[in-house]
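Novice: Sharing a structure, written as structure tokens. Questions coming.
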Amino acid sequence: PSSSTWPPNQITHMEPSSLPAAASTPSSTISTTTIRRRKRKIVVIMGPTGAGKSRLSIDLATRFFGTSEVINSDKMQVYAGLDITTNKITLEEQLGVPHHLLGAVDPTKTVFTGSDFRKLASEVISDVKSRRGLPLVVGGSNSLIYSLVTKRYDPKSDVFNGPDPHPVSSELRYDCCFIWVDVCLPVLNQYLSKRVDEMLDSGMFEELVEFFRSGEHTRVNKSGLGQAIGVPEFEAYFKKTPGFRRPEGGGDFEAYDEAVRRIKDNTCQLAKRQVGKILRLRDAGWELRRIDATEAFRAVMTSDSGGGGRVAEIWEKQVVEPSMKIVRHFLDE
Ligand code: ATP
């Protein structure tokens, strides 16, 4: 079920009100500026695919900001279906933190656009705010983040793609705390390759078999979920290997390995493009707070099965603690 319908957590988190507290301000001193509504505070966790954005959001939401709610900003994860292939956070991993716009959109309908995201995510933000919660926008699609937070959004202007992209606007309609989870690309690429193998081991192949065998691939929008990394790559494999089965002979193995290799390449390319877009936002003056998670990923890549404790320790020290400090300071401002 879509977690966007979840009831909110109990409200324990004290966030500075978006309006000055009338009782604490002598009426004679209230000026038009102080009663003007301040911009609403949101936290945006951005970064390339695989960098640990979801994990960080749960760490922040559970350990400190008791009423945080996550709004997904990955444009493939908004669709229902292909949960393993698109790498959605599982219900178990969510640890009770409410998630919105995750698997919430029918993939057979029209493509989910930046305008759709702007409308739906801003409604969710208003709801979360009405519960005095903290909205955490989490996901790698920078175009969705841009469409949501920019003051004047023009759906016709593309600020990231094409030979002559439109200028990035730095006028924002929310008070945003941008946390950019970064991992040096060679280390991230190594990790992403391992992650693809793990996803295949944990059911991605079977999920895609079902997707193609059931004919779902013909029903989903080709420009939407049909573009998820894994779909075109395995479509080529199933064309060469009839019977929706794992490889059995020489030719099968070649086609399978080719599909896996292309998935790994395309995932690494995606990560590189995403970092390029983040740099574009930063160069345009967006105040992004970069958190370097490289050491934690290096530890993942070098640790054997008993090294989990060390990874968790590095993650805590180098990623969670600085992020908590940034958010705490942002909320106190
Ligand atoms: P923009 O942010 O400008 O829309 P973009 O389309 O290049 O840029 P993403 O939103 O990050 O960037 O996605 C690009 C492509 O990467 C998607 O069209 C899809 O093929 C693939 N992709 C992105 N996220 C996922 C995901 N979670 N699972 C599978 N594939 C994905």
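Novice: Would you point out the residue of the range 230-267, among those that are β-branched (Val, Ile, Thr) and assigned to a helix (DSSP H, G or I), that is nearest to the chain's Cα centre (by Cα)? Spell out how you get there, then give the answer.
Specialist: Step one: of the range 230-267, the residues β-branched (Val, Ile, Thr) are 231, 241, 260, 263, 267.
Of the ones still in play, those that are also assigned to a helix (DSSP H, G or I) are 231, 260, 263, 267.
Details: VAL231: 20, VAL260: 23, ILE263: 19, THR267: 15 Å.
So the residue we want is THR267.
Novice: Six or more apart or on different chains, Cβ under 7 Å: which pairs go from a residue in the range 270-294 that's at positive phi to one that's away from the ligand (no atom under 15 Å from the Cβ)? Could you list them?
Specialist: Final answer for the pair search is GLY285/SER170.
Novice: A follow-up question, please. Does THR302 qualify as being loosely packed, with under 13 Cβ neighbours inside 10 Å, hydroxyl-bearing (Ser, Thr, Tyr) and more than 16 Å from the ligand (Cβ to nearest atom)?
Specialist: Working: loosely packed, with under 13 Cβ neighbours inside 10 Å: yes; hydroxyl-bearing (Ser, Thr, Tyr): yes; more than 16 Å from the ligand (Cβ to nearest atom): yes.
The answer is yes for THR302.
Novice: Of (1) more than 11 Å from the ligand (Cβ to nearest atom); (2) over 30 Å from LYS39 (Cα atoms); (3) modelled with pLDDT of 95 or more, GLY224 satisfies all except one. Which?
Specialist: (1)
Novice: Do we have any residue at all in the range 319-327 that's loosely packed, with under 14 Cβ neighbours inside 10 Å, in the same structural domain as HIS166 (by TED's automatic domain parsing) and modelled with pLDDT of 95 or more? Write out each step before concluding.
Specialist: Step one: of the range 319-327, the residues loosely packed, with under 14 Cβ neighbours inside 10 Å are 321, 325.
With the extra rule that they be in the same structural domain as HIS166 (by TED's automatic domain parsing), the set shrinks to 321, 325.
After this cut, where a residue has to be modelled with pLDDT of 95 or more as well, the list is 321, 325.
Yes - at least one qualifying residue is present in the range 319-327.
Novice: Can you tell me which residue in the range 41-90 is farthest from PHE112 (Cα to Cα), limited to those that are modelled with pLDDT under 95 and either in a loop (DSSP other than H, G, I, E, B) or in contact with a Lys or Arg (Cβ under 8 Å, 6 or more places away or on another chain) (or both)?
Specialist: My answer is PHE64.
Novice: A follow-up question, please. Can you find a residue that is at pLDDT 95 or above, in contact with a His (Cβ under 6 Å, 6 or more places away or on another chain) and closer than 24 Å to VAL181 by Cα anywhere in the range 129-145?
Specialist: no
Novice: For the range 163-170, does any single residue satisfy the condition of being surrounded by fewer than 16 Cβ atoms within 10 Å (Cβ to Cβ), farther than 26 Å from ASP292 by Cα and touching a helix residue (DSSP H, G or I) at 6+ places or on another chain (Cβ under 6 Å)?
Specialist: So the first thing to find is which residues in the range 163-170 are surrounded by fewer than 16 Cβ atoms within 10 Å (Cβ to Cβ), and the list is 163-167, 170.
If we keep only those that are farther than 26 Å from ASP292 by Cα too, we end up with 163-167.
Those left that are additionally touching a helix residue (DSSP H, G or I) at 6+ places or on another chain (Cβ under 6 Å): none.
Taking every residue of the range 163-170 in turn, none turns out to be surrounded by fewer than 16 Cβ atoms within 10 Å (Cβ to Cβ), farther than 26 Å from ASP292 by Cα and touching a helix residue (DSSP H, G or I) at 6+ places or on another chain (Cβ under 6 Å).
Novice: Having 2 or more residues that are within 12 Å of the ligand (Cβ to nearest atom) and not assigned by TED's automatic domain parsing to the domain that holds ALA299 is the bar; report the helices (runs of 4 or more DSSP H) wholly within the range 107-202 that clear it. Lay out the reasoning, then the answer.
Specialist: Details: elements: 114-130, 142-149, 185-199.
Those helices (runs of 4 or more DSSP H) span 185-199.
Novice: Taking the condition touching a residue at least 40 places away in the same chain (Cβ under 8 Å) and either farther than 28 Å from GLU207 by Cα or not assigned by TED's automatic domain parsing to the domain that holds GLU210 (or both), does VAL260 pass?
Specialist: On the way: touching a residue at least 40 places away in the same chain (Cβ under 8 Å): yes; either farther than 28 Å from GLU207 by Cα or not assigned by TED's automatic domain parsing to the domain that holds GLU210 (or both): no.
Answer is no for this residue.
Every residue, every condition in (1) within 16 Å of the ligand (Cβ to nearest atom); (2) closer than 23 Å to ILE291 by Cβ; (3) crowded, with 19+ Cβ neighbours inside 10 Å, yes or no:
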| site | (1), (2), (3) |
| --- | --- |
| PRO48 | yes, yes, yes |
| LEU56 | no, yes, yes |
| THR62 | no, yes, no |
| MET76 | yes, no, yes |
| THR90 | yes, no, no |
| GLY103 | yes, no, yes |
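The values are calculated or read from the model by the stated rules, or taken from the named source; none is laboratory data. Predicted model only: the values in this text are computed from it and were never measured. In this analysis, Cβ positions are derived from the backbone assuming ideal geometry, glycine residues included, and neighbour counts consider all displayed protein chains.
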